[in-house]
Amino acid sequence: MCLNRIPLYILIFFVLTNGSFSQNRIGTGEVKEIYEQYCLSCHAADLKGGLGNSLLDRSTWKMIGPDLDFIDYVLEGQVELGMPAYKGVLTRAQVRSLEVYIEEKRAMDDALPAPVANEGTYESGGYRFKLETVVEGLEIPWSVAFLPSGGLLITERDTTDLHLYQDGKLHPRVEGIPDVWNKGQGGLMEVALHPDYEQNAWIYLAYSGRSPENTEGKEVGMTKIVRGRIVDHIWTDQELIFETPTEMHSPSGAHFGTRLVFQDDYLFFGIGDRGNMNSAQDLSLPNGKIHRIFDDGRIPEDNPFAEKPDAYPTIWTLGNRNPQGLDAHPVSGELWETEHGPRGGDELNLIEPGLNYGWPVISYGMNYNGKPITDKTEAPGMEQPEWQWTPSIAVCGIDFYEGDRFPEWKNDLFVGGLASQELWRIQIENGEVASKEIILKDEGRVRDVANGPDGYLYVVLNKPDKVARLVPAE
């Protein structure tokens, strides 16, 4: 199949619905054409060198370092070493896309080892464990919440159903939940219990909400949060927690963000840029931001931009492309976020109030079609990720492990990858990534990760669509 002949609307559909699109496009697009035209004759089709050095072996990049970056080296050249200058031929952004292209290829060669199950048993992270299916018969499950009764609440994104799993049985959908706009990456996404659920019974839902008004004849919508209670399998007592004005809604089906984190009396959540990348830098818009409100929907007066004229008052941070994971460290209370990048440049960020995380001014990725987004990976006043994945693994849900079934994993961060079908274990020390490893591979697209009250680590999987848990092997 020739991607160049696929109609644009189909390409857009792939981008919106298939998290593996980024990985599937490695070695394709405009950047490949640039490489073949200007680099292949010296560095070979596999980038392993010929007349010139291997581009995959960092030890051969002797001219590139603190005093000379890749972009300047390519543009200025080094004729005496056989490296022509490309200033006036290629733009800085095009050279940056070449660097991402090389990083993609290099990462494929240098990928972390992935565990392989031996008769259903994995050996990784210092433990032997099995993946045990808990709930089957689902359709694109997105998140889970554990009830004190021992049951599970499960959201399905596309069917927009909220299910109760109790006593080994998946019950029919909870009736009366709000109208959900099933559009692209949107649908019924996050479900979470209030920290004092046993006293107040509040259940929170985050989803793509459809506006009652059309814009230029098109349906529009935006991320929305409500809370309610479930009585006799019926959603009731609904209260609106967060909603943006209709004029800020979009017809796009991209980048709704979400994930909910309670801390003290506050609720943190993310909204993606909604497919309009520049909005992530616009303080008047909620797009591409992490937000903070009170758990009843009130807006804190001490939010970092609350006194700035025209700034959206719930903004906590800006420059966040599409927050797909959010969790607080169980000891330090630090807020951590995983951010779904474009083609390359998935990010793990330590979230601090008022900071700018750079999208789209800085990025470690490029467009899906191989065209550059920016030539900058850093800029004054913009934060660096604590870790970034190139190629993109299509990061999604995260959770810090707090159970006792795997004591050595206590307080480690677990990160799910959709496209890569991986579960990562990341050790964090003093606000920095200390080590990382892949502990699960090719069991499905890891949509979410969650601590179970039984001490097991649960994963929400797509393709196959189910909820499973990691169980120590005998």
**Message:** Looking only at the chain, where both bridge partners belong to it, what percent of the DSSP beta bridges are antiparallel (to the nearest 5)?
**Reply:** 95 percent
**Item:** Hz values of 3J(HN,Hα) by residue in the range 192-197 - Karplus curve (6.51, -1.76, 1.60), Gly and Pro given as x
**Value:** 8, 9, 4, x, 9, 3
**Prompt:** Local charge sum around Gly341 (other residues, Cβ-Cβ under 10 Å, Lys/Arg +1, Asp/Glu -1)?
**Reply:** -1
**Asked** How much of Glu123 can a 1.4 Å solvent probe reach, expressed as accessible area in Å² and rounded to 10?
**Response** 140 Å²
**Prompt:** Roughly how many Å² is the accessible area per residue of the range 185-262, as a whole number, for a 1.4 Å probe?
**Reply:** 42 Å²
**Å² of accessible area per residue within the range 263-315, as computed with a 1.4 Å probe and no ligands counted** = 43 Å²
**Asked** Rounded, prolate or oblate: which fits the range 360-431, taking a ≥ b ≥ c as square roots of the Cα gyration tensor eigenvalues, rounded meaning a/c under 1.5, else prolate when a/b beats b/c?
**Response** oblate
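Relative to the present Cα-Cα distance, how much length would full extension add between Gln427 and Ala117 at 0.36 nm per residue of separation?
Values: separation 310, 0.36 × 310 = 111.60 nm, distance 2.28 nm.
Contour length minus the Cα-Cα distance gives 109.3 nm.
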**Message:** So, for the range 351-466, what is the accessible surface per residue at a probe of 1.4 Å, expressed in square angstrom?
**Reply:** 36 Å²
**Asked** For Arg128 and Glu334, FRET efficiency with R0 = 25 Å and r from the beta-carbon atoms, rounded to 0.05?
**Response** 0.20
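Need one word for the range 133-243: rounded, prolate or oblate. Basis is the Cα gyration tensor (sqrt eigenvalues a ≥ b ≥ c); a/c below 1.5 gives rounded, then a/b vs b/c decides.
Working: a/c = 2.34, a/b = 1.48, b/c = 1.58.
Because a/c hits 1.5 or more and a/b fails to exceed b/c, the range 133-243 counts as oblate.
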**Message:** Cross-link candidates for Lys224: which lysines have Cα within less than 22 Å, leaving aside residues fewer than 8 places away along the same chain?
**Reply:** Lys183, Lys289
**Request:** State the Cα centre-to-centre distance between the range 190-267 and the range 344-389 in whole Å.
**Result:** 27 Å
**Asked** Which one, [x] 23.3; [y] 25.4; [z] 22.5, gives Kirkwood radius over Cα pairs in Å as derived from the coordinates shown?
**Response** [x]
**Request:** Can you check what the Kirkwood hydrodynamic radius comes to for the range 163-222, Cα pairs only, in Å to one decimal?
**Result:** 13.8 Å
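At a 1.4 Å probe, what is the % contribution of carbon and sulfur to the accessible area of the chain? Can you show the working numbers first?
Values: 9560 of 20610 Å².
Answer for the chain: carbon and sulfur cover 46 percent of the accessible area.
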**Request:** For Asp46, Asp310, Asp375, give the ranking by accessible area with the largest first, probe 1.4 Å.
**Result:** Asp310, Asp46, Asp375
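The values are calculated or read from the model by the stated rules, or taken from the named source; none is laboratory data. Just so you know, these numbers come straight off a predicted model, no measurement behind them. With ideal geometry, Cβ positions are generated from the backbone for all residues, glycine too; neighbour counts draw on all protein chains shown. In case anyone asks, the SASA skips ligands and DNA or RNA and just uses the protein heavy atoms, side chains included. Shrake-Rupley method; radii C 1.70, N 1.55, O 1.52, S 1.80 Å.
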